[in-house]
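S.K.: Handing you a structure now.
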Amino acid sequence: MDKHFYNEASAKKLGWEPGWFGEKYFDDKLVRAIKKWQKGRGLKGDGLCGPMTFRRLWTERQAAIDDYKPNDCHYSNYIVYNGDFHPIEWDKFVLWSEKGGMQAKSGHYYDYSGRPKRKIRYFVNHWDVCLSSKSCQSVLDRRGISVHFLIDNDGTIYQTLDMQHAAWHAGSSRTNRPSVGVEISNAYYPKYQDWYKSHGFGSRPVIDGAWVHSHQLDAFLGFYPEQIKAAQALWKAIHGATGIPYECPTGQFGKTSTKYEQNVAYGNYSGFVSHYHISKNKIDCAGLELRDLLDEVKYDIEILDKIKN
């Protein structure tokens, strides 16, 4: 592979410059600088600034710039699926068309306008390795990809496009076409804890001892409780709109599977999953006990139904 050409093409697409690594040109010096930067952060030192390296680099630069400002939003109470509005029981929900909303760029997803209603079989949970949903949307735009929903640090949920369209969020067409996805804001690395505290969000939970793909991860930042509640409200709304069952891949003792699941990766599954269930190269959302959280949502609904009846 011509690494000089790769990095130049990557820079043109994603919007970075050699100067971000302390160099001037797309040459061997830049390749060495990228390798050094990658190895210093536990990444594979291949000298290529691909999507994973760029996302890490982007988040570091955002933390250093320190220009974060919360969005001034107009809130809604509905998610949109094929032009139809379905209720969501969450006070902080913003559609792409409303004040403060964020919209996936045209050409960054499969556009199914005017076609039969898309059959959605499963929902994919991601963490974004960004400091905010706004920053995440910027990264998605630069990479030419998309996701249906974003959950910010304060629990605000953004819908970026109608669920009729298939966002490019899960790697391949066989997983993107039958799915819907969310990026939950979380910079992941403990070094960003001070950023969250200094911006008024408070300390994030720290997840220690989580396993994925038979490997134990180093301690990392978890989701805020408000983000978990927002995710549960979104799952409930998704279930109501699409009929996706409150199921997830499970392993021993009925707990959420911590491994790649081939039937999910091949699109032959119906339920709620994490990104690592689809790809052996992904670890999000390790430590998220989907089975227990989905049971909480399902149990609350069953109790309410009994009360009504």
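No value in this document is a laboratory result; all are computed from the given coordinates. These numbers were taken from a predicted model, which means no experiment stands behind them. FYI the Cβ positions are ideal-geometry reconstructions off the backbone, even for glycines, and counts take in every protein chain you see.
S.K.: Near the amide H of Ile184, under 5 Å away, which other amide H atoms are found, from residues 5 or more places off or on another chain, if H is placed in the peptide plane?
M.R.: Hits under the 5 Å cutoff: His126, Trp127, Asp128, Ile151.
S.K.: Step through the table entries Lys197/Lys236; Lys255/Lys280; Lys92/Lys134, compare each Cα-Cα distance with 22 Å, and write down the pairs that go over it.
M.R.: As for pairs spanning more than 22 Å Cα to Cα, those are Lys197/Lys236.
S.K.: Looking at the chain as a GNM with Cα springs under 10 Å, which of Gly222, Gly83, Gly181 has the largest mean-square fluctuation?
M.R.: Comparing Gly222, Gly83, Gly181 in a Gaussian network model of the chain, the most mobile one is Gly83.
S.K.: Continuing with this model, one more query. Taking a cut-off of 20 Å between Cα atoms, list the aspartates and glutamates near Lys117, but don't count ones fewer than 8 places away on the same chain.
M.R.: Straight-distance partners of Lys117: Asp84, Asp162.
S.K.: Counting DSSP beta bridges with both partners in the chain, what percentage is antiparallel, nearest 5?
M.R.: Once the DSSP bridges in the chain are tallied, antiparallel ones form about 50 percent.
S.K.: So between Glu296 and Arg115, what do we pick up on full extension, going 0.36 nm a residue minus the alpha carbon distance?
M.R.: 61.6 nm
S.K.: Here is a further query. Remind me, relative contact order of the chain in percent, using alpha carbon pairs under 8 angstrom and six or more residues apart?
M.R.: Here the relative contact order equals 15 percent.
S.K.: Let me ask something else about it. Using packing as a proxy for protection, rank 89-102, 15-28 so that the peptide with the highest average count of other Cβ atoms within 10 Å comes first.
M.R.: For the peptides 89-102, 15-28, the packing ranking is 89-102, 15-28.
S.K.: What FRET efficiency comes out for Glu247 versus His4 if R0 is 35 angstrom and r is the Cβ-Cβ distance? Round to the nearest 0.05.
M.R.: 0.15
S.K.: Considering the values [x] 20.6; [y] 17.2; [z] 19.7, which represents mean projected area of the Cα convex hull in nm² as calculated for the structure under consideration?
M.R.: Label of the calculated value: [y].
S.K.: I would also like to ask the following. Given the Cα-Cα distance of Lys12 and Gln103 and 0.36 nm per residue of separation, how much length would full extension add, in nm?
M.R.: The Lys12-Gln103 span can extend by a further 30.6 nm.
S.K.: Next up: Using C-alpha positions alone, give me the convex hull volume of region 3-49 per residue in cubic angstrom.
M.R.: 63
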